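Visitor: Before anything else, here's the structure in question.
The values are calculated or read from the model by the stated rules, or taken from the named source; none is laboratory data. The structure displayed is predicted, hence computed values, not measured ones. Here the Cβ positions follow ideal geometry from the backbone for every residue, glycine too, while neighbour counts run over all protein chains shown.
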């Protein structure tokens, strides 16, 4: 079954959050390397979902270990109108931002409704420094306030389009290895894991309190080998580092120059070498 894309470009869904490592800039390279035909679409490190929303698959499976992110996807899928109304309550203000940010440190936060939690994380994402999502070792959101002229906290049109795109999508909170329970011959999987850092200063894997180390990169490679044996097509993107080149040396590798979109210093943002791995 082929993927379908809305014919109205003005209403094409786009990521509802900015995500570290987001693939908007890499989309042309990913799209030209995707298989022409496949059955179902799987993306176990969904993040901002740039490729997912570009492709808008008829049958999709997305997952992540970040509970706040997955909750937001689920709310957009099932109750987008309530989310839009709740988002209208937020304001772009420094004092308000820190008050909202620190709610996850209080006992009351666990009793918040899914809609209210999704509204909070989207409002924080639109207001925080560089649109980062980062948590500390306790799982608390800890990104400082960002400076913008007029951030759009409520994008109702896009949220509704995202909801349509997610209509028949299975949304899972959990590790990437859970796809082995669902994926079948003929399916397509796109892996966009936290990248192996190019150096110590570029390291950023705090999407969750657990992080993502080299052993997990190796486990992911093992999943790719297993999928290949089952005739499942996969594509993976990562930084072009010795570890990744060694792990995927038996597959097809292509290299692209991608923009470093998120860095605390403007002079450190530029082109970096990335690798795209496929088994077809």
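Visitor: Just to be sure, is residue 93 surrounded by fewer than 18 Cβ atoms within 10 Å (Cβ to Cβ) and modelled with pLDDT of 95 or more?
Guide: So residue 93 fits the description; yes.
Visitor: Across the range 26-43, which residue is nearest to the chain's Cα centre (by Cα) among those that are more than 21 Å from residue 161 (Cα to Cα) and in a loop (DSSP other than H, G, I, E, B)?
Guide: My answer is 26.
Visitor: Which condition from (1) more than 18 Å from residue 183 (Cα to Cα); (2) in contact with a helix residue (DSSP H, G or I) (Cβ under 8 Å, 6 or more places away or on another chain); (3) in a loop (DSSP other than H, G, I, E, B) is the one that residue 51 breaks?
Guide: That leaves (3) as the condition not met.
Visitor: Could you grab the pairs with beta carbons closer than 8 Å, sequence gap of 6+ or different chains, first residue in the range 234-256 and farther than 15 Å from residue 192 by Cβ, second one in a loop (DSSP other than H, G, I, E, B) and modelled with pLDDT of 95 or more?
Guide: 251/279; 252/279; 252/280; 255/240
Visitor: Just checking, which of 70, 62, 76, 46 is part of a helix (DSSP H, G or I) and either modelled with pLDDT under 95 or touching a strand residue (DSSP E or B) at 6+ places or on another chain (Cβ under 8 Å) (or both)?
Guide: The conditions single out 70.
Visitor: Now a separate question. For the range 79-100, give me the residue count where each residue is within 15 Å of residue 117 (Cβ to Cβ) and either in contact with a strand residue (DSSP E or B) (Cβ under 8 Å, 6 or more places away or on another chain) or in a loop (DSSP other than H, G, I, E, B) (or both).
Guide: Selection size over the range 79-100: 3.
Visitor: Moving on. If a residue has to be touching a strand residue (DSSP E or B) at 6+ places or on another chain (Cβ under 8 Å), part of a helix (DSSP H, G or I) and within 19 Å of residue 34 (Cα to Cα) to count, how many in the range 224-244 make the cut?
Guide: Residues flagged as touching a strand residue (DSSP E or B) at 6+ places or on another chain (Cβ under 8 Å), part of a helix (DSSP H, G or I) and within 19 Å of residue 34 (Cα to Cα) within the range 224-244 amount to 3.
Visitor: Now, a different point. May I ask you to say which residue of 154, 183 is surrounded by 21 or more Cβ atoms within 10 Å (Cβ to Cβ), in a loop (DSSP other than H, G, I, E, B), modelled with pLDDT of 95 or more and in contact with a helix residue (DSSP H, G or I) (Cβ under 8 Å, 6 or more places away or on another chain)?
Guide: Going through 154, 183 in turn, the sole match is 183.
Visitor: Identify, please: which residue in the range 247-262 is modelled with pLDDT of 50 or more and either out of contact with any strand residue (DSSP E or B) (no Cβ under 9 Å at 6 or more places or on another chain) or not in a strand (DSSP E or B) (or both) and is, among those, nearest to residue 34 (Cα to Cα)?
Guide: Ranking the qualifying residues of the range 247-262, first place goes to 251.
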